[in-house]
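Everything below concerns the one structure shown next.
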Amino acid sequence: MCACAVATGFVWGADNFSFIYVYEAAAAAVMYIAVPKKLLNRLYYFSQTQTSAADAKTYRVNIANRLIFAGEALLDVSGSIIRAGESLSKLEYDRMSGVYKTAMLKTCDDCGLRGFCWDTQKDYTISVFRKIGKSLKSGKELQRESLPNDFGNRCIRPDTLVKNLNSAYSSQIYSDMARRRLREMRAVISGEFGAVGEMLCDLAECVEEKEIIDKRLTYEAATVFEAYSIPAADVVCTHNSSGRVKVQIHVPKGNWGFEDEYLLRSLNEAVYCKLEGPHITELGSSLLVHYFEKAVFKTQTGFCQINADSNTVGGDACEIFSDTQGRTALLLSDGMGKGEVASVDGIMAAHMLSKLIGAGFSPESSLKVVNSALMLKSEEESFATLDMACIDLFTGRVDFYKAGATCSFIRRKGKAGRVELASMPVGIIKDALFVKTNVTLSSGDIVLVVSDGVTVGSYDWVLGELQNFSHGTASELAAQIAKLAREKQYDNHQDDITVVCAFIE
C-alpha cells in the first residue's frame with residue numbers, strides 16, 4: 001500500500017511539483033522505520049532471565065523470521081518502485097511535440113488561416129516548427145526574424161507565435177527539471193526502502209546468533225549491580241558461539257559509575273572472566289549497557305588534523321569507536337571541497353555511519369542510509385568519501401572499507417605496506433557500495449587511515465616514516481605524518497589533512 005501511494009504520487013505530481021509532499025512524507029516515514037527509538041529495547045526482552053531456554057529459542061526464531069519477512073518486503077517495495085519508474089520512462093513522449101502543440105493551440109486555434117497552415121500545408125508547417133525548434137534547443141530565444149521569410153510573411157500572428165513558442169519551451173524546461181529531480185528522488189526513496197530492508201535482515205542475523213543465557217551468571221551479575229545501587233531491572237549474561245561472555249543491562253539514564261574499577265572487578269569475579277567496557281547506547285530516557293569478555297588484543301589510538309589554508313573548520317571528520325562485537329573502528333570522512341561547507345558533509349557522514357555500525361548494523365546497510373541522507377540533505381551537490389578500518393580485537397583481523405577514499409597504510413611484522421581500493425564516494429549515485437578487503441595483524445602492528453591531503457603527489461614517504469617509526473604514541477605518529485604532509489603540499493594547492501592511527505597491542 002505504501003509503495004502504491006508513493007508510485008501514485010510520482011505519476012500525478014510530475015508536472016505540478018505535488019510529488020514533493022508525497023516524497024517528504026515517504027522519506028520521513030522511511031527514516032522513522034530505519035532507526036526506531038524503541039526497537040532495540042523491544043528486541044531485548046526476548047532474552048529476559050525468567051524465560052526458559054526452549055522458549056527463548058522459540059522467541060528468537062520467531063523474531064528473526066518476522067524481521068527477515070519485513071526486510072524482504074521492504075526490499076520488494078524498493079524493486080517495485082524501480083520497476084514502476086522504468087515502466088513510466090518508456091511512456092515518455094517527444095518533449096518538443098508538446099511545445100509545438102501548446103504554441104499552436106494558443107496561436108492558431110481561432111486563426112482564419114488554420115485550415116490552410118495545418119491541413120493544406122501541414123507538412124511544411126511542421127517542418128518550419130522543427131527547424132525553429134533547433135534554435136530553441138540550442139538555448140537561443142526566438143525572435144520574429146527566426147521564422148523563415150515565406151512563413152513569416154504568410155503568418156498573420158508571427159509575434160504571438162514566437163512568444164508562445166518561447167513560453168511553451170520555457171515551461172517544458174522546468175517540467176523536464178522536475179522530472180529529472182523526480183527520477184533522482186524515486187531512486188533515493190527506493191534506496192531507503194532497500195537499506196531499511198537490509199538493516200532488518202542485519203537485526204535478524206543478530207537475533208539468530210547462538211547466544212546462550214547463563215542463568216546462574218546472570219543472577220551473580222545482577223547481585224553485583226544491586227550491591228552498587230545500580231537500578232538494573234534487566235540483567236542478562238550470555239555466551240556466544242565462540243564462548244565469549246557478554247553482560248547486558250538496561251537502566252534509566254543517569255551517572256551510575258559504570259566505569260568504576262571496583263564494580264568491574266566484582267563483575268569479573270561474578271562471571272569468572274575478565275570483562276571490559278562499558279559500551280553504552282542511549283535508548284530515549286534509558287541506557288543499554290554492555291560489558292564484554294576482555295579481548296586478546298587492545299588498541300592505542302590517536303589522530304591529528306590540519307585544516308587547509310587558514311580555515312578554522314576542515315572538510316575532514318574522523319571517529320574512533322567500538323561496536324558490540326569486540327571491534328575497534330577507525331573512520332574517516334572527507335567532505336567535498338574545503339571549509340565549512342565540506343565540513344557539514346564530512347561530519348554528517350562520519351557521525352551517522354559510526355552510530356549505525358556502533359548499534360550493530362552492518363557497514364553495507366549503514367552506508368546506504370548515509371548515501372541517501374547526503375543525496376537528500378540539500379539542493380546543492382553533496383558527496384563525501386568514507387574510509388574505515390575495523391579491527392577485531394579477538395582475532396587481529398582488520399577489515400578495510402572504502403568509498404572513494406585514498407589508500408591506507410599498515411605496518412606488519414616491521415614492514416610497511418599500503419591498502420588501496422578503487423571506489424566511488426557516497427552521495428553521488430543511488431547504489432553506493434563499499435569496496436573491501438582484509439588483513440590479519442598482531443601485537444606490535446600499526447594501522448593508518450589518512451585523507452587524500454596526505455597522499456597528494458606521492459605516498460612513498462609515508463611508507464618510509466611508518467617503517468622507521470620506533471618510539472612514541474599513536475597520537476605522536478599521527479602528528480608526525482600530518483606535519484610532514486603539510487610541508488609537502490604546494491602553497492597554492494593546500495588540502496585538509498587527517499591521520500588516524502591505531503597501535504595493536
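The values are calculated or read from the model by the stated rules, or taken from the named source; none is laboratory data. Keep in mind the model is a prediction, meaning the values are calculated, not measured. Every residue, glycine as well, gets a Cβ built from its backbone with ideal geometry; the counts of neighbours run over all protein chains shown.
Tell me yes or no: at least one residue of the stretch 180-201 is surrounded by fewer than 21 Cβ atoms within 10 Å (Cβ to Cβ), within 25 Å of Met96 (Cα to Cα) and modelled with pLDDT of 70 or more.
No: zero hits.
Suppose we filter the stretch 119-136 for residues that are more than 55 Å from the chain's Cα centre (by Cα) and not polar (S, T, N, Q); how many remain?
Going through the stretch 119-136 one residue at a time, the tally reaches 1.
Quick one: what pairs do we get from the stretch 109-138, first residue within 15 Å of Pro158 (Cα to Cα), second among the charged types (D, E, K, R) and surrounded by 13 or more Cβ atoms within 10 Å (Cβ to Cβ), C-beta under 9 Å, 6+ apart or different chains?
Cys111/Arg157; Leu113/Arg154; Leu113/Arg157; Cys117/Arg154
Confirm whether Leu263 is in a helix (DSSP H, G or I), of a type outside the set (Phe, Trp, Tyr), without any contact (Cβ under 8 Å) to a residue 40 or more places away in the chain and in contact with a helix residue (DSSP H, G or I) (Cβ under 8 Å, 6 or more places away or on another chain). Give the steps one after another, and end with the answer.
Values: in a helix (DSSP H, G or I): yes; of a type outside the set (Phe, Trp, Tyr): yes; without any contact (Cβ under 8 Å) to a residue 40 or more places away in the chain: yes; in contact with a helix residue (DSSP H, G or I) (Cβ under 8 Å, 6 or more places away or on another chain): yes.
Answer is yes for this residue.
Looking only at residues that are among the basic types (Lys, Arg) and out of contact with any strand residue (DSSP E or B) (no Cβ under 6 Å at 6 or more places or on another chain) in the stretch 386-422, which one is nearest to Gly302 (Cα to Cα)?
Arg412
Conditions (1) assigned to a helix (DSSP H, G or I); (2) at pLDDT below 95; (3) over 29 Å from Asp392 (Cα atoms), marked per residue:
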{"position": "Leu477", "(1), (2), (3)": "yes, no, no"}
{"position": "Ala482", "(1), (2), (3)": "yes, yes, no"}
{"position": "Glu487", "(1), (2), (3)": "yes, yes, yes"}
{"position": "Asn492", "(1), (2), (3)": "no, yes, yes"}
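Mind checking which residues of the stretch 402-443 are outside any strand (DSSP E or B), among the hydrophobic types (A, V, I, L, M, F, W, C) and at pLDDT below 90?
Restricting attention to the stretch 402-443, the residues satisfying the condition of being outside any strand (DSSP E or B) are 404-407, 413-414, 420-425, 427-434, 441-443.
From the residues that got through so far, the ones that are among the hydrophobic types (A, V, I, L, M, F, W, C) too are 405, 407, 421-422, 424, 428-429, 432-434, 441.
Once the filter is applied, which keeps residues that are outside any strand (DSSP E or B), among the hydrophobic types (A, V, I, L, M, F, W, C) and at pLDDT below 90, the stretch 402-443 yields Ala405, Leu421, Ala422, Met424, Ile428, Ile429, Ala432, Leu433, Phe434.
Just to be sure I understand the filter: pairs with C-beta atoms under 8 Å, separated by 6 or more residues or on different chains, first member in the stretch 454-474 and more than 18 Å from Phe503 (Cβ to Cβ), second member of a type in the set (Val, Ile, Thr). Which pairs pass?
Val454/Thr406; Val454/Val462; Val454/Ile481; Val454/Ile497; Val454/Thr498; Val454/Val499; Thr455/Thr406; Thr455/Val462
Looking at (1) out of contact with any Asp or Glu (no Cβ under 9 Å at 6 or more places or on another chain); (2) farther than 30 Å from Cys501 by Cα; (3) surrounded by fewer than 18 Cβ atoms within 10 Å (Cβ to Cβ), can you tell me which one Glu269 breaks?
(1)
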